[in-house]
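The values are calculated or read from the model by the stated rules, or taken from the named source; none is laboratory data. Computed from a prediction, not measured in an experiment: that's the story for all the values here. Note: ideal-geometry Cβ built from the backbone for every residue, glycine included; neighbour counts use all protein chains shown. Note: accessible area is taken over every heavy atom of the protein model, side chains too, but ligands, DNA and RNA are not part of it. Shrake-Rupley method; radii C 1.70, N 1.55, O 1.52, S 1.80 Å.
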Amino acid sequence: MGTTRPRPAQEDDWWKQAVCTSDEECAELFYSEASGAAARAKRICFSCPARGACLAYARETVEEFGIWGGLTGQERRARGRYGQSGGG
Ligand code: SF4
């Protein structure tokens, strides 16, 4: 079993709108290094109503790994903690 997404501490409202709440899906896509997994996860993020808040949360909590708000950890770092949004 792979890595799963750490849950926001207080079940923030945005988390209730998240479309990636399955631990199995999370491990297979959002934290996977398998070919194509990140692209598939990002496609899910771009249709997620919680995307903006999710990305803000990942930046605030300095989540280093996994896809959050449609961006990889490397992409989030490149944009900076308070940098521009992920586009799209
Ligand atoms: S934006 Fe992506 S990672 Fe964030 S809650 Fe939505 S589907 Fe999950």
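Restricting attention to region 58-73, does a residue exist that is of a type in the set (Ser, Thr, Tyr), surrounded by 16 or more Cβ atoms within 10 Å (Cβ to Cβ) and either within 12 Å of the ligand (Cβ to nearest atom) or modelled with pLDDT of 90 or more (or both)? Show your work before the answer.
If we filter region 58-73 for residues that are of a type in the set (Ser, Thr, Tyr), which is where we start, we get 61, 72.
Add one more test, that the residue is surrounded by 16 or more Cβ atoms within 10 Å (Cβ to Cβ), and what stays is 72.
Then drop every residue that is not either within 12 Å of the ligand (Cβ to nearest atom) or modelled with pLDDT of 90 or more (or both), which leaves 72.
Yes, region 58-73 contains at least one residue that is of a type in the set (Ser, Thr, Tyr), surrounded by 16 or more Cβ atoms within 10 Å (Cβ to Cβ) and either within 12 Å of the ligand (Cβ to nearest atom) or modelled with pLDDT of 90 or more (or both).
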Revision key, fill the gap. Within region 47-57, the count of residues that are open to solvent by less than 60 Å² (accessible area, probe 1.4 Å) and either more than 12 Å from the ligand (Cβ to nearest atom) or not in a helix (DSSP H, G or I) (or both) comes to 2
**Study point:** Selection within region 12-46 - near the ligand (Cβ under 10 Å from one of its atoms), in contact (Cβ under 8 Å) with a residue 12 or more places away in the chain and surrounded by 15 or more Cβ atoms within 10 Å (Cβ to Cβ)
**Key:** Trp14, Trp15, Ala18, Cys20, Cys26, Leu29, Phe30, Ala41, Lys42, Ile44, Cys45
